[in-house]
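Enquirer: Below is one structure. I have some questions about it.
The values are calculated or read from the model by the stated rules, or taken from the named source; none is laboratory data. Everything numeric in this text was worked out from a predicted model, so none of it was measured. Positions of Cβ are backbone-derived with ideal geometry, glycine not excepted, and every protein chain shown enters the neighbour counts.
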Ligand SMILES: Nc1ncnc2c1ncn2[C@@H]1O[C@H](COP(=O)(O)OP(=O)(O)O)[C@@H](O)[C@H]1O
Ligand SMILES: [Mg+2]
């Protein structure tokens, strides 16, 4: 690189308690770069960029902007320096309109001057440029997650950021929205801005980046021009060794007699709506379910799990009606594994310890199971086998991070053979290695003859591993068929309600 770096992180160290989130990190960012900052969960990516943004202060090291070392760096100073950051958690006020949220970003403009014509015209022009379809008068609380992200991006543009940091921006988007984000990044580059794009998806990297920097355990472990590195090299740098991350798709089911039958299901409930739903699943079959969240997934999962009674229709597993059981006791049947979404609220008792949470499905037998060492031993074994960190069985479940909670629930649900697995976003928040472990356990159940109902937003994984795919929209089956009849674009169109997409 011939030009001088515009932004430079020098010997950065940052600790949180025992954790070295960043150790001796050096990173120079040059004009006109789109850097993909790649790494597994906990690698230190967000911390590094929050230091550059001034959200945290480094324990040691220096941040240099256009040759000037920064003193007392802060987000306010970032505003002046032209550093903008899209956080994983958005900073929008739900009760205000899109326009009001955009104007709020200008701390120099007191509210009584909001009507200043020029500012308003400027922010509206930014919004128009990125997303002409969003009405600036709409309330933020009525926007989808993807639309909210666009408002955040418009804010960053309105503030005229020269360095745009995006923290895992594609984690929450539909395929069409992902395309729009890629265009946004290309536009930033064309406008002479620098972009740092945090992600752990290789597709993002290939679509956008001119340079790839990989972090692992708080350090930078690789730095390449995009065209000079292979996906395998990137994966190895991310995980530290060649772990053979690819799981094979298991053979399609041999017995085509249905094991699970869902007949004329109708649900209208607080958790969602299902209209006239019919489908069947064979033993050993993996049925992947795609859809924008909130299109009936939750209601379907709960009815299948026997904890929500449908208004009409039936779910039959191995000849037994699950919802007839549900009328009597609201309890997941013993031959069903249920991995619900948001494990903290739906799958564990936060105040109870890990050992007890692992036994929740055997509640009736609990007093016996709780007796002494054997149960504790078993808990320790399961925690270690599923790499739950920390693995102390006495710790309360509420103390675990999201990814580790997910592993805890999977340890409980998939450690014994079952006939039906309902897995809702089972790899959400997990990194590559943990994701592989979950898929192996999930598909091992199918190989033993269980039906797998797998809700996911990871379309590439659905296409890679499912035998059939069902797309939900508005509580109805928009399409169901063999995986070979789908691709990302088609699923994306179906998810957004285009009925006869082909
Ligand atoms: N505010 C914080 N308090 C305590 N620990 C933190 C905090 N932020 C991050 N960490 C820890 O620092 C490490 C790096 O985290 P992070 O930068 O968020 O990683 P990434 O963005 O690559 O997933 C992790 O072990 C994380 O648990
Ligand atoms: Mg992060």
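Enquirer: Out of the stretch 148-190, which residues are within 16 Å of ligand 2 (Cβ to nearest atom) and either closer than 14 Å to residue 34 by Cβ or in contact with a helix residue (DSSP H, G or I) (Cβ under 6 Å, 6 or more places away or on another chain) (or both)?
Expert: Of everything in the stretch 148-190, those that are within 16 Å of ligand 2 (Cβ to nearest atom) and either closer than 14 Å to residue 34 by Cβ or in contact with a helix residue (DSSP H, G or I) (Cβ under 6 Å, 6 or more places away or on another chain) (or both) turn out to be 165, 166, 167, 169, 170, 172.
Enquirer: Can you tell me how many residues in the stretch 160-172 are surrounded by fewer than 18 Cβ atoms within 10 Å (Cβ to Cβ) and more than 16 Å from ligand 1 (Cβ to nearest atom)?
Expert: Of the residues in the stretch 160-172, 1 are surrounded by fewer than 18 Cβ atoms within 10 Å (Cβ to Cβ) and more than 16 Å from ligand 1 (Cβ to nearest atom).
Enquirer: Can I ask one more? When you scan the stretch 26-48, do you find a residue that is under 20 Å from residue 193 (Cβ atoms), out of contact with any helix residue (DSSP H, G or I) (no Cβ under 9 Å at 6 or more places or on another chain), within 16 Å of ligand 2 (Cβ to nearest atom) and not in a strand (DSSP E or B), even just one?
Expert: Among the residues of the stretch 26-48, at least one is under 20 Å from residue 193 (Cβ atoms), out of contact with any helix residue (DSSP H, G or I) (no Cβ under 9 Å at 6 or more places or on another chain), within 16 Å of ligand 2 (Cβ to nearest atom) and not in a strand (DSSP E or B), which makes the answer yes.
Enquirer: Okay, moving on. Looking at 92, 99 in this structure, which one is away from ligand 2 (no atom under 16 Å from the Cβ), surrounded by 17 or more Cβ atoms within 10 Å (Cβ to Cβ) and assigned to a helix (DSSP H, G or I)?
Expert: Being away from ligand 2 (no atom under 16 Å from the Cβ), surrounded by 17 or more Cβ atoms within 10 Å (Cβ to Cβ) and assigned to a helix (DSSP H, G or I) holds for just one of 92, 99, which is 99.
Enquirer: Here is a further query. Find the residue count for the stretch 188-204, including only residues that are under 25 Å from residue 65 (Cα atoms) and touching a residue at least 12 places away in the same chain (Cβ under 8 Å).
Expert: Within the stretch 188-204, residues that are under 25 Å from residue 65 (Cα atoms) and touching a residue at least 12 places away in the same chain (Cβ under 8 Å) number 10.
Enquirer: Kindly list the number of the only condition in (1) modelled with pLDDT under 90; (2) over 30 Å from residue 482 (Cβ atoms); (3) touching a helix residue (DSSP H, G or I) at 6+ places or on another chain (Cβ under 7 Å); (4) more than 16 Å from ligand 2 (Cβ to nearest atom) that fails for residue 222.
Expert: Of everything listed in (1) modelled with pLDDT under 90; (2) over 30 Å from residue 482 (Cβ atoms); (3) touching a helix residue (DSSP H, G or I) at 6+ places or on another chain (Cβ under 7 Å); (4) more than 16 Å from ligand 2 (Cβ to nearest atom), residue 222 misses just condition (1).
Enquirer: Just one of (1) in a helix (DSSP H, G or I); (2) buried (at least 18 other Cβ atoms within 10 Å of the Cβ); (3) in contact (Cβ under 8 Å) with a residue 60 or more places away in the chain trips up residue 464, so point out which.
Expert: Of everything listed in (1) in a helix (DSSP H, G or I); (2) buried (at least 18 other Cβ atoms within 10 Å of the Cβ); (3) in contact (Cβ under 8 Å) with a residue 60 or more places away in the chain, residue 464 misses just condition (2).
Enquirer: Restricting attention to the stretch 394-411, which residues are free of Cβ contacts under 8 Å to residues at least 60 places away in the same chain, touching a helix residue (DSSP H, G or I) at 6+ places or on another chain (Cβ under 8 Å) and within 15 Å of residue 384 (Cβ to Cβ)?
Expert: 394, 395, 400, 407, 411
Enquirer: Still on this structure, I have one more. Can you work out which of the residues in the stretch 394-417 that are buried (at least 20 other Cβ atoms within 10 Å of the Cβ) and outside any helix (DSSP H, G or I) is modelled with the lowest pLDDT?
Expert: The extreme case among them is 400.
Enquirer: Now, a different point. Of everything in the stretch 221-231, what is under 25 Å from residue 161 (Cα atoms) and either within 14 Å of ligand 1 (Cβ to nearest atom) or in a helix (DSSP H, G or I) (or both)? Give them in sequence order.
Expert: 226, the sole residue that qualifies.
Enquirer: Ok, one more. Enumerate the helices (runs of 4 or more DSSP H) found wholly within the stretch 129-219, keeping only those where 3 or more residues are over 30 Å from residue 239 (Cα atoms).
Expert: Qualifying helices (runs of 4 or more DSSP H): 145-158, 175-190.
Enquirer: Please enumerate the residues belonging to the stretch 424-450 that are more than 22 Å from residue 235 (Cα to Cα) and assigned to a loop (DSSP other than H, G, I, E, B).
Expert: 425, 448, 449, 450
Enquirer: If residue 211 satisfies every condition in (1) under 27 Å from residue 60 (Cα atoms); (2) within 25 Å of the chain's Cα centre (by Cα); (3) surrounded by fewer than 18 Cβ atoms within 10 Å (Cβ to Cβ) but one, which is the exception?
Expert: Condition (3) is where residue 211 drops out.
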